[in-house]
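Take a look at the structure below.
The values are calculated or read from the model by the stated rules, or taken from the named source; none is laboratory data. Just so we're clear, the structure is a prediction, and the values are computed from it rather than from any experiment. Counting neighbours? That spans all protein chains shown, and the Cβs are built from the backbone with ideal geometry, glycine included. For the accessible areas, the whole protein counts, side chains as well, though only heavy atoms, and no ligand, DNA or RNA atoms are used. Shrake-Rupley method; radii C 1.70, N 1.55, O 1.52, S 1.80 Å.
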Amino acid sequence: MKNVISLKDLERMVREGKSLTNLPEGAIMTPSARDYLNDLEMSGGARVLAAVPTAPSAPAAKPSPPSKPLDSKSSKAELEAFFDSPYAYNLKEQICEMGHRLWKRAYVDGNGGNMAIRVGEDIAICTPTLVSKGSLKPEDMCLVDFEGNQLCGMKKRTSEILMHLQMMKRQPKAIATCHCHPPYATAFAVAGIAPPTCMLPEYEVFCAVGVAPYRTPGSPEMGKLVADLTDQYNTILMSNHGVVTWSHNNIEEAYWRMEIIEAYCRTIVVAGQLGKPINTFTGPRMKELLNIKQSLGFVDPRFGMKECELCDSGEWRPGATCQVQGNSENAAGFDAEAEQAVQAITDQILRQMK
Ligand SMILES: [Zn+2]
């Protein structure tokens, strides 16, 4: 064996059924090899290191789900074994990865934000309370039943778990849920308005945005108000609070919705300051986007609507001519011009009357 050990070497050893517990002394690890070993150690160390070599044909990536589906009535031992399995570890890692991305993008603050992945008929893996998403680790995760009772995990589950679970109960397609407080989208939530539609294709395809009224975070009432919207919306603005998304595919897609709605809200706020009317899609173009959306299995309340009905949903249209409730500061630039125009017309009429 050579003195430098790479990730490829480790993967080959696993494929060949060799143990990773007695690597040659003094061998130098490449950074990715070191990460790989650290990850294995964090997942329960020796158990995984020892278990992997006995299954030489097991692919290094994507561990498979348990052969027997689990639920809240499964025995404590079965649930514990599942929770410690490579399959569950992989899901925990996915949640950590999304948590780190949320934190790096400043979509969470303090210990804010939480996520869950459905792993059985009425059980889910979720984030713990009081841990920054920037420092989330697989061993921080919790397993809960759909009533919010904790089944496994050292740390206490998030206090906002009920909302995630109510969404999953109400929307059987929801595999993963993600909640955080991205500033631009949360600004719309504070104003209590859904962003105007028909401006950017990605937003139209990936997000369908509804607004839920404010209730105390973590309360069953909050969860119900959000869950009631999941039939038609996959991205829900929680008034005076933040955003929650769900996906029928995976946690990364639920996370993507956060990036997409946040970028959209930011873009239209900036577009609204350019002093030019904002262009929107025509009905037929909008219809095409909704057809793509439907083919991807996403929800949207506008499926089946007539083309002419698709583009009138905005309560707030920055810089658009139908902006009637724009605040006076925002409208100041336009007012000066408008006043000049009114003055010119008035003068002209007065001249003609003389
Ligand atoms: Zn929150």
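Some points to look at:
- Accessible area per residue was computed with a 1.4 Å probe on protein heavy atoms; Y89 scores about 20 Å².
- For the pair N249 and N3, the difference between a 0.36 nm per residue extended length and the Cα-Cα distance amounts to 84.4 nm.
- Largest first, the residues S295, S67 sort by 1.4 Å accessible area into S67, S295.
- For the range 114-186, the solvent-accessible area of protein heavy atoms averages 34 Å² per residue (probe radius 1.4 Å; ligands and nucleic acids excluded).
- Each of D228, D122 has its accessible area taken with a 1.4 Å probe; listed largest first, they run D228, D122.
- For M199, the accessible surface of its heavy atoms amounts to roughly 30 Å² (probe 1.4 Å, protein chains only, rounded to the nearest 10).
- The charge dipole of the range 143-183, taken about its Cα centre with unit charges on the Cβ atoms of Lys, Arg (+1), Asp and Glu (-1) only, comes to about 60 debye.
- Long pairs among K92/K156; K104/K133; K8/K62, criterion Cα-Cα beyond 18 Å: none
- With all protein chains in place and ligands, DNA and RNA left out, the 1.4 Å accessible area ranks W256, W246 as W256, W246, largest first.
- Rounded to the nearest 20, the size of the Cβ-charge dipole of the range 145-217 about its Cα centre is 280 debye, with Lys and Arg at +1 and Asp and Glu at -1.
- Gap separating the Cα centres of the range 122-170 and the range 83-104, nearest whole Å: 12 Å
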